[in-house]
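Any read-out appearing in this document is the output of simple, stated calculations on the displayed coordinates, not a laboratory observation. Since the structure is predicted, the reported quantities are computational estimates derived from the model, not experimental observations. Backbone-built Cβ (ideal geometry, glycine too); neighbour counts: all protein chains shown.
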Amino acid sequence: MALSAEEQQTSKTQKLKMSSKLDKSFQTFWRNRQSRLQSFKVNNKNGMYDDNWLKRMSKMPKFDIPEKFNSFNTEINAIGIDLGTSSCCVAVNREDRIEVVAIDITGERTLPSFVGYDEENVKCGKVVVGNLGMYSKSTIFDTKRIIGKTYAEIEIEIDPTWSFKVVEDGESVKLEVQGYMNTTLRQTPEEVASALLNYMKQKAEEFQKKAIDNVVITIPASFTDNQKESTLKAAELAGLIHVHLLPEPVAASITYFTDRILPNNETILLFDLGGGTLDICIFEVNNFNFKIIRNTGDANIGGRNFDKLLYEYFKEELLSRHGINVELKDTRKYKLMLKCQEIKHNLSALNDERICVDDYGPSIDAPPIEITRQNFENMSVDFVNDIKILVKYATDNLPNPIAKVLHVGGSSRMPLIKSMLIQMFPNAEQCCEVHPEEVVAVDDPPSVDCENSKFCVQYVLKEGDIETKFQGCGNNNVYPTSDFSTEYTVAGTRNVNFKKTTGQDRLLLNI
């Protein structure tokens, strides 16, 4: 399903305007994204939903919607963790409620997914973000975009704003930073993720005043087996014993309906745009259960991509107007990067924002550099069109129209994303928990991410073993699988090879 002529012309115009403002590394990053998307469009130009797919749809597993609980068994030591690209959170069970723990050292409920190695003891969270300018070479972030991938997969997607080095280590990678006392330290992505998980585990245990036995970790639906296994390894390194992985769309969907009247016979789109990943999940709700019928996503697009657009804009403006090259000093570079995250959030509620020039060149007395929401939306048009293409393919030839659109993830609260979904599904009910001004009030992505964890804890408490409720396919998770058979015999056969395909495809069909 192609974009309209107007959309294509707008995209082309904006590409020309932006090309002069993107440095070489960012252009490489952008070209790789466009190449992958073009491959997806070519491979799917004739559509992928045939009669056989519709027949096999009935074999997909169904997920029961649990009832909301009035009381909780506090003897079960279970927690739910949302291990996000940009931030994390953890929820625990109390006697009368599920509560999100204030895990950051600042007392906030969300923990920025930043890990610092500049001291003898590893640090996590906002304290690392605050020291990013001074200790950038000792800081690792965006681990969720790296974990479980090979060097070849990461090499084409290396982010120019990463302060650490990605080093090839056999079939995997290590992340190189400057450690304590200026030593060179190499950590696997699993070790970095385990630092975050261990920190959250300790905070949850301090809050509960007891050891934690069970944990549910939510992960993107597009995660491959390698990424799932690496996440489980990180949990093991963090000392977590009984670990269950749950697809983020499943967690968010069930959480949403536990507090609401369940629709009957409706097709619903869940749109989850987080800090680093996009999940698009379409499911049918009927007789108090829902069945996922289509699932797609992009593990390389999220709020961070929009941050980078703002970063490139202001970097070029500082250089062209005042001769300030923020790339020459890490303190300036990462101050601008963090400021751009703040500006992105603020532009959800404000019509314009600005940076102070003297924050990046103290000897320069100049007026602030401004950007309007319209400017930001214009420079974001390519990313929005990429997202729109994925949504269009996911919803093409559905048996029934979309009745509801669930907005999940902090980045889905941006007005340009909300507007896109409203335009694409004008007759559907748009379900968005958090308003833009509330997003700004929260330091990092909003509390809807915490809701994933709330559901995880609630569900573990009710069922005891989540795998007895969901029909999973190994790797200790609950992903739906296909059910088919082909029978034939070959003389002398002793071995059989099975080929398994998981995750990362632009369009994941559960058939």
**Request:** Using the structure shown, decide if VAL128 is touching a strand residue (DSSP E or B) at 6+ places or on another chain (Cβ under 8 Å) and surrounded by 23 or more Cβ atoms within 10 Å (Cβ to Cβ).
**Result:** yes
**Fill in**
Considering segment 142-152, residues that are in contact with a strand residue (DSSP E or B) (Cβ under 9 Å, 6 or more places away or on another chain) and not aliphatic (A, V, I, L, M), and then whichever is farthest from LYS233 (Cα to Cα), we arrive at TYR151
**Prompt:** Do we have any residue at all in segment 378-388 that's out of contact with any His (no Cβ under 7 Å at 6 or more places or on another chain), of a type outside the set (A, V, I, L, M, F, W, C), surrounded by 15 or more Cβ atoms within 10 Å (Cβ to Cβ) and under 25 Å from VAL128 (Cα atoms)?
**Reply:** no
**Any hit, segment 332-342, residues being crowded, with 20+ Cβ neighbours inside 10 Å, outside any helix (DSSP H, G or I) and not acidic (Asp, Glu)** = no
**Fill in**
When segment 93-118 is checked residue by residue, the ones that are assigned to a strand (DSSP E or B) and either under 24 Å from LEU175 (Cα atoms) or β-branched (Val, Ile, Thr) (or both) are ILE98, VAL100, LEU111, PRO112, VAL115, GLY116
**Request:** Please find, among GLY130, GLY179, the residue that is closer than 17 Å to ASP330 by Cα, of a type outside the set (A, V, I, L, M, F, W, C) and without any contact (Cβ under 8 Å) to a residue 12 or more places away in the chain.
**Result:** GLY130
**Item:** Matching residues in segment 393-406 - criterion: being part of a strand (DSSP E or B) and surrounded by fewer than 21 Cβ atoms within 10 Å (Cβ to Cβ)
**Value:** ILE402, ALA403, LYS404
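Results for (1) farther than 21 Å from VAL101 by Cβ; (2) part of a strand (DSSP E or B), shown as yes or no for each residue.
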site	(1), (2)
TRP162	yes, no
ARG186	yes, yes
ALA195	no, no
LYS201	no, no
